[in-house]
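Some notes on the structure that comes next.
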């Protein structure tokens, strides 16, 4: 251990957790309001806990099966390190823990936000935002702490023959930690996404349309389930999602760092490995400072509120830029271009975020155009939303392409390819470094949303709902920025993982060599670990034949593209089925308990919560299993080139399909809101009816299938990485 | 010229054209029916001619510009052969001619089919089917003739230093013929697709919904435009589309044949080059025989009609299998595996066709499921259609992947990669060889459709419309098979073009060498043509660095995937805009000529024809320009690896997006028909209304954007091939 800068990472992680606890104490100390408000909040909290418990039960079974499989790889086939199954488990455990803490905090914060909104807007913003920050800090704190601890442990035990730490092996082993995080994130996103949309659609179709009662009306049996959905989908799901993005970007970059400096002195390799962790550590501190700068005054306009949040984000960004300049200077002197890569990463995130905002905000032409089309009916709204969503993919793709080439070139990739790939990874780390802050602005949205629901159900005065609505609508805009970072970082991280895959293949061959004594790859026969080590990464890529003219690569690209579409189709169908169950249940309650409508009978909220829970559980299985099994199967049939093609195809199509779905859904949502503001006839008009159809179509696209795709891409990469040795040693073709 | 089997190709082409003329005389001799029927047919014919004239005016300008650009490449930059601009022009010219003849025949045949339907079903089927066969035979005849003539000419003039024909150069030059065909096809598909859907949507929205008059009612001002649309979109557009598929598969395979046997004796190279042409020639003869076997008897059920068409297709298939067994045996003895590739190609076409039928026919669960969802409203119909479309991509992708690997392996690709790629090309040729027959069953659909329109507008007895409806609905099922072949062959051809691209890059470098005397590629410096020739294709691919770890390749994959989405979004928007113009015009006529509804005033059909024509013209420009400019721009910025990535990305995403759009659109269409048959409440029910929305959303997806994507993929490949020398010599990065 030559450089004590490393300890910035665990230290920052601990500080983040301490602040999260401090904020938690602050929030918990506040009053929850009237008995009715407390009762509603409790019902939501109970429902959320019940769902999470059920979800984790299923996830645990999956993790046990996966763990046994990894042990089989490690101890029977001996194509993986023995540390892998345990790293995998902790990744999943901490991801689940981060999501759980974030979600519980959110359910504790909503009634308190409502209560504060009875006095002042500023107080309400502070509660909601600080609660969001708890989630943000817990996610980055736990991720960074786990990474740092594993690094310290493995550094002591995984050694080269010469006795020093074997950074190549250490970093690829740690990637299996990322697989745990990704697998748990996929369940959280898919399950949570199905839950929330089934409840939402069920509540709307029967409650709003058939019974004619307003949103969040306490007479609607599905209303608690709907509010639970916001917490399990938008909070717990998103938390787990960004936890895996964050961990994935740091881990893949560390692996590439070890590889880039494998041939140089040990110190540089160590420095390159810890650089992403150090930058993440600085980012955590920057986020905490940023959180403290967010405040507003009573009667603040939307613009002022936005400015307040924007100021916090900007403060964090400036700190991270200065901090990473210092970190690169201290750790990788002579490679200052790497700092350029970080700046490129941040810029890409901002541009993608702005483009998301342009295409989905009702302040701009695309969304207003969709609203205008509502006047000629449902079909034209849908066609225009679909085409707008497709066209909206252009700017993000162009930014990512510029970012890839820019980060690669600045880090010196055109002279040394692996350095360039390291640059791409570090760009993703830079983009995600202030996640503590951006996630706070993201998680705060559903808290404000729930606070509004609480105000409505508790029958508070109009003023309260107005204040929570102001907070909520603000959340929609800041969410666009958050989405930009999530999407952009997913693409860059997936690319870094693709590069790290090659490293893991090398490690896998190393394991096979120890067992078999010889390994043949193309026209190359390797007989010992020393000669394997000497093969440069360029030579290795040549031998692997991952060129576009290899039909296995092309087959992989086709299969990867298909996976993105198939997975989206399956998750959309799942929402449809789960929503049908909910519709039937709500209809049954209205039919069997006629007293619900006049308030003489209590609806059975619990039953609706149960229906959504069961539906989400049942439906999340098939898509999730597919995401794990397909990369293994492709590896067993088509070998390494097929897997590389699969990942590249899934990345290309999946990334674009995800933007298409997110933007089409967001634009339809806001086109409806624009009409509800009184345009094109306003609420109740023909155009409004058509725009509601658009919004409903967009719901599963933007809240279930779209966000899950980002995780799918990375989970498939993670699975491929962990089973690389199997694909290298046992493929059919 | 060692093998006279070659002459089978031009001979078969001439026979095909002779039979087309013979059928044309047969059709033209028949009566057109009542004066009213003649008048309507004339109006449609006039409209179609007027549109095509306008379209060709624009296309000619594009061709002149492109031709000047190609001359600049050939004579100023000297990175292309001087033959290229002329081959390019003939490709476009013959494609346009084939589409024109097919369309004129279709407009001549519709009233005659109606007239025959007044007497018997069998007679009507024969007229419609023979007219479709004219189109099929003209397409294959002109394509094969043009290819054969160019081959004969170039063989005499393009020689190696030793004096023999230089097959590598000859075949890559001929590929520019394919670029001409593709460019004209894109205009025909996009322009025709926008025309037909603008007219269709305009006629439906105002006529059916607002005025409440039935489909094809003569009082609807857009009804003639709607019928014209079937001819310019479904006939001329499809003809040009399959012309370019057919030519593209033969040309790319010939280029790969020259490359595969470049190092062997000259005779084998010649044989490998002519094999695709010979197989196409046998296919033409098989198609003619197949056409003659199609007949039916009066009162035949749908099933019997289908059996009759199926019998014709089977006869052709058996002949082509036996014929190509012989051809491979005679031309490439010792490479009988190539015959296996042909069989694989045919099988993939059949499986893809069956899967299209399963997902879009109302006889099966997916479409019935969408119809059932119509009971809960528009939103659920749309969501279910979108997800069904996405899920339906799985089987075609798995078949194509199996086909790629199978054709590659059988042709010996795992020992000699270039032979394997040749096998993939020849699989596409085999799949398309009976195009004369399958296109006849395709083109016959719109003729029967128009015949029904004619019967309706001319006010003929109900029996006639019933007969034409029987023919029309039959066409929908056979069209699924046709689509399977079109989609499958597009994927295989695009892959063959990707491989041929490498050849063209080599040729481009050859041109640069003649000028500059030296060329550096990666770490390789080439100083003379002889040493260039000696570089094996494998070595060449290595030097090009088209591995998935090259960020330029990844950037290209992102851009290619984006192109598929952006292009689809733009064409969908275009349909929306052109349809709005039509809606306004029809509304204006109903407003200003109140006598239209009671028959006292004549609607101005011509004005609607003009509106659709103008809209299609205006809107087809941007997407078409993009398809040509983007590959050139990517080549200039990212060089060869970027272009390869672009093509692979566009292939992966575009292929899958095309299937998604075609199947979702087809399933919505038939779900509506299923409800109209009396299910879920039948016509006029709540479910029917929702299913109409689904059908309208599907229209631009399945008839404009989806089919254009197949051409886009190949046009981008063709453009890249033709400008390969430019990308090799002048790229920025």
Looking at region B:423-437, can you tell me whether even one residue there is within 12 Å of another protein chain (Cβ to nearest Cβ), over 20 Å from the mean Cα position of the chain (by Cα), closer than 29 Å to residue B:13 by Cα and in a helix (DSSP H, G or I)?
yes
Just one of (1) assigned to a helix (DSSP H, G or I); (2) at pLDDT below 95; (3) more than 9 Å from chain A (Cβ to nearest Cβ) trips up residue B:601, so point out which.
(1)
With respect to the numbered conditions (1) away from chain A (no Cβ under 12 Å); (2) touching a helix residue (DSSP H, G or I) at 6+ places or on another chain (Cβ under 9 Å); (3) more than 28 Å from residue B:313 (Cα to Cα), which one is the sole condition not fulfilled by residue B:417?
(1)
Among B:626, B:661, the single one that is surrounded by fewer than 18 Cβ atoms within 10 Å (Cβ to Cβ), part of a helix (DSSP H, G or I) and within 22 Å of the chain's Cα centre (by Cα) is B:626
Would you pick out the residues in region B:370-387 that are within 13 Å of residue B:664 (Cβ to Cβ) and at the interface with chain A (Cβ under 7 Å from one of its Cβ atoms)?
B:382, B:383, B:384, B:386, B:387
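If we keep just the residues of region A:573-590 that are free of Cβ contacts under 8 Å to residues at least 60 places away in the same chain and more than 9 Å from chain B (Cβ to nearest Cβ), which is nearest to the chain's Cα centre (by Cα)? Give the derivation first.
Start the filter on region A:573-590 by keeping residues that are free of Cβ contacts under 8 Å to residues at least 60 places away in the same chain, which leaves A:573, A:577, A:580, A:584, A:588.
Next cut, more than 9 Å from chain B (Cβ to nearest Cβ) only: A:577, A:584, A:588.
Details: A:577: 25, A:584: 32, A:588: 36 Å.
In this case the residue turns out to be A:577.
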Kindly establish whether residue B:344 is assigned to a helix (DSSP H, G or I) and over 28 Å from residue B:395 (Cβ atoms).
no
Inspect region B:537-552 for any residue being more than 9 Å from chain A (Cβ to nearest Cβ), touching a strand residue (DSSP E or B) at 6+ places or on another chain (Cβ under 9 Å), farther than 23 Å from residue B:166 by Cβ and assigned to a strand (DSSP E or B) and give the result as yes or no.
no
Within the set of pairs 6 or more residues apart or between chains, which connect a residue that is free of Cβ contacts under 8 Å to residues at least 24 places away in the same chain inside region B:48-76 to a residue that is surrounded by fewer than 18 Cβ atoms within 10 Å (Cβ to Cβ) with Cβ atoms less than 8 Å apart?
B:74/B:82; B:75/B:82
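Results for (1) crowded, with 24+ Cβ neighbours inside 10 Å; (2) within 30 Å of residue B:474 (Cα to Cα), shown as yes or no for each residue.
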residue: B:332; (1), (2): no, no
residue: B:369; (1), (2): no, yes
residue: B:380; (1), (2): yes, yes
residue: B:389; (1), (2): yes, yes
Any chance residue A:409 is more than 7 Å from chain B (Cβ to nearest Cβ), modelled with pLDDT of 95 or more and more than 22 Å from residue B:653 (Cβ to Cβ):
yes
Inspect region A:723-731 for any residue being in contact (Cβ under 8 Å) with a residue 12 or more places away in the chain, crowded, with 24+ Cβ neighbours inside 10 Å, within 14 Å of chain B (Cβ to nearest Cβ) and part of a helix (DSSP H, G or I) and give the result as yes or no.
no
For region A:352-401 the number of residues that are in a loop (DSSP other than H, G, I, E, B) and closer than 17 Å to residue A:693 by Cβ is 1
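The rows are residues; the columns are (1) touching a residue at least 24 places away in the same chain (Cβ under 8 Å); (2) within 17 Å of residue A:193 (Cα to Cα); (3) in a helix (DSSP H, G or I); (4) in contact with a strand residue (DSSP E or B) (Cβ under 8 Å, 6 or more places away or on another chain).
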residue	(1), (2), (3), (4)
A:675	yes, no, yes, no
A:684	no, no, no, no
A:687	yes, no, yes, no
A:691	yes, no, yes, no
A:698	yes, yes, yes, no
A:711	yes, yes, yes, no
A:720	yes, no, yes, no
Does residue A:187 fit the bill of being under 12 Å from the mean Cα position of the chain (by Cα) and buried (at least 24 other Cβ atoms within 10 Å of the Cβ)?
yes
The correct count of residues that are more than 8 Å from chain B (Cβ to nearest Cβ) and closer than 16 Å to residue A:480 by Cα in region A:648-663 is 5
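Among A:610, A:532, which is more than 14 Å from every other protein chain (Cβ to nearest Cβ), in contact with a strand residue (DSSP E or B) (Cβ under 7 Å, 6 or more places away or on another chain) and assigned to a helix (DSSP H, G or I)? If you could, list the steps in order and put the result at the bottom.
Details: A:610 fails: in contact with a strand residue (DSSP E or B) (Cβ under 7 Å, 6 or more places away or on another chain).
Exactly one residue qualifies, and that residue is A:532.
So, residue B:555, is that one part of a helix (DSSP H, G or I), without any contact (Cβ under 8 Å) to a residue 24 or more places away in the chain and within 30 Å of residue A:548 (Cβ to Cβ) or not? It would help to see each step written out before you state the result.
Working: part of a helix (DSSP H, G or I): yes; without any contact (Cβ under 8 Å) to a residue 24 or more places away in the chain: no; within 30 Å of residue A:548 (Cβ to Cβ): yes.
When the stated conditions are applied, residue B:555 does not pass them.
If you check A:397, A:348, which single one turns out to be more than 10 Å from chain B (Cβ to nearest Cβ), on the phi < 0 side of the Ramachandran plot and under 21 Å from the mean Cα position of the chain (by Cα)? Walk me through how you get there before you give the answer.
Values: A:397 fails: more than 10 Å from chain B (Cβ to nearest Cβ).
On inspection, the qualifying residue turns out to be A:348.
Is it fair to say residue A:643 is within 12 Å of another protein chain (Cβ to nearest Cβ), touching a helix residue (DSSP H, G or I) at 6+ places or on another chain (Cβ under 7 Å), touching a residue at least 12 places away in the same chain (Cβ under 8 Å) and within 20 Å of residue A:216 (Cα to Cα)? Explain how you work it out, then say what you get.
On the way: within 12 Å of another protein chain (Cβ to nearest Cβ): yes; touching a helix residue (DSSP H, G or I) at 6+ places or on another chain (Cβ under 7 Å): yes; touching a residue at least 12 places away in the same chain (Cβ under 8 Å): yes; within 20 Å of residue A:216 (Cα to Cα): no.
Answer is no for this residue.
The values are calculated or read from the model by the stated rules, or taken from the named source; none is laboratory data. Since the model is a prediction, treat every value here as computed from it, not as a measurement. Here the Cβ is made from the backbone with ideal geometry for all residues, glycine too, and neighbour counts use every protein chain on show.
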